[in-house]
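Here is the structure we will look at.
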Amino acid sequence: MALLKIEKLTKAYGGLVAVDKANFAIYDGQIKALIGPNGAGKTTIFNLITGVDKADTGSIYLKERALSGLKPHQIATLGISRTFQNVQLFGDMTVLENIMVGRHPRTRGGFVASALRLPLVGREEAAIFEDAYRIIKFIGLKERANNLARNLSHGERRLLEIARALATEPELILLDEPAAGLNDQETEELAGLIYKIRDKGITVFLVEHNMGLVMEVSDEVVVLDHGKKIAEGPPLLIQEDEQVIEAYLGREIKHA
């Protein structure tokens, strides 16, 4: 059974068809990449999966549960989290606080419990702090725990956004161009982190323009052209696909 299945997914904005009858599946434990030029529909697919946008036609299933009509926070609770092309953090909050915010979908104490300071709230706050600190160590930002997010380097902000996504305890994490703006060393470290995330039992779905990173870490690659899927398969086969080479990858593939 697929962890995530997309069937005949279509989304248009006015006369522009951003996603055109897309079909593919992601299986538990995979690292799967979605590639294509700017405007191919990659981020639109992420937005449809996470409930930011609604599909015109087609279906998305998480372990055979339809996601149609669900709001983003409901989808997050079911086990899907994401990052964004442009890093979206709370700049005036610390690294630790940003990650603690990411735990919100997994809390049980509501507004009334918080206002009354019921014991459940205190226990949850302690657990949230411990979980956030564990994630900080996992992601490699332990020394930055009390720094404001706005004072981090670009690479550190990328890591923090991934950490906040991990705080929701996802089964599937969607990484939207996580290597954008990173240097070679940071990109290599990101590859190692993606493997670590997968080794924790979290499936990874990756949109990325860095073909070296894609070809290094991916089990399978899906290729889009103007919203249509033109190829899907292991990285080595994708590299040899003439249509993909001509349209997207060029003649030389550089590995990260």
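Here, each number is a calculation from the coordinates, and none is a lab measurement. Predicted, not measured: the structure shown is a model, and the values here were computed from it. Cβ coordinates were reconstructed from backbone atoms using ideal geometry, including for glycine residues, and neighbour counts include every protein chain displayed.
Between amide H atoms placed 1.01 Å from N, distances below 5 Å from ARG82 occur with LEU174, all of them 5 or more places distant or on a separate chain.
The packing ranking, built from the mean of other Cβ atoms within 10 Å per residue, places the peptides 14-23, 201-210 in the order 201-210, 14-23, highest first. In the neighborhood of ASP176, defined by Cβ-to-Cβ distances under 9 Å, what is the net charge if each Lys or Arg adds +1 and each Asp or Glu adds -1? After counting each charged neighbour, the total is 0.
Of the DSSP beta bridges with both residues in the chain, give the percent that are antiparallel, rounding to the nearest 5. Close to 55 percent. Only Lys, Arg, Asp and Glu carry charge here, each on its Cβ (+1 for the first two, -1 for the last two); on that basis the chain has a dipole of about 1080 debye about its Cα centre.
Relative to the current alpha-carbon distance between ARG65 and GLN88, full extension at 0.36 nm per residue lengthens the span by 5.4 nm. Whole-Hz Karplus values for the range 228-236 come out as 9, 6, 10, 7, 7, x, x, x, 4 Hz, taken residue by residue from phi with 6.51 cos²θ - 1.76 cosθ + 1.60 and θ = phi - 60°; glycine and proline positions read x. Scalar couplings 3J(HN,Hα) for the range 193-203, obtained by applying the Karplus form with A = 6.51, B = -1.76, C = 1.60 to θ = phi - 60°, are 5, 4, 4, 4, 5, 4, 5, 7, x, 9, 6 Hz; x denotes Gly and Pro. When ASP92, ASP176 are arranged by Cβ crowding within 10 Å, least crowded first, meaning fewest neighbours, the order is ASP92, ASP176. Counting beta carbons within 10 Å around each of THR83, THR94 and listing the fewest first gives the order THR94, THR83. The helix-based estimate of mean residue ellipticity at 222 nm for the chain, built from -39,500 (n - 2.57) per DSSP H run of four or more residues and divided by its residue count, is -10500 deg cm²/dmol to the nearest 500. Listed values for the range 172-187 are Karplus-derived 3J(HN,Hα) couplings in whole Hz (6.51 cos²θ - 1.76 cosθ + 1.60, θ = phi - 60°), namely 9, 10, 9, 10, 9, 6, x, 8, 4, x, 8, 7, 4, 5, 5, 5, and x replaces Gly and Pro. The residue among GLY14, ILE230, THR187 whose Cα reaches farthest toward the positive pole of the charge dipole of the chain, with charges on the beta-carbon of Lys, Arg, Asp and Glu, is GLY14.
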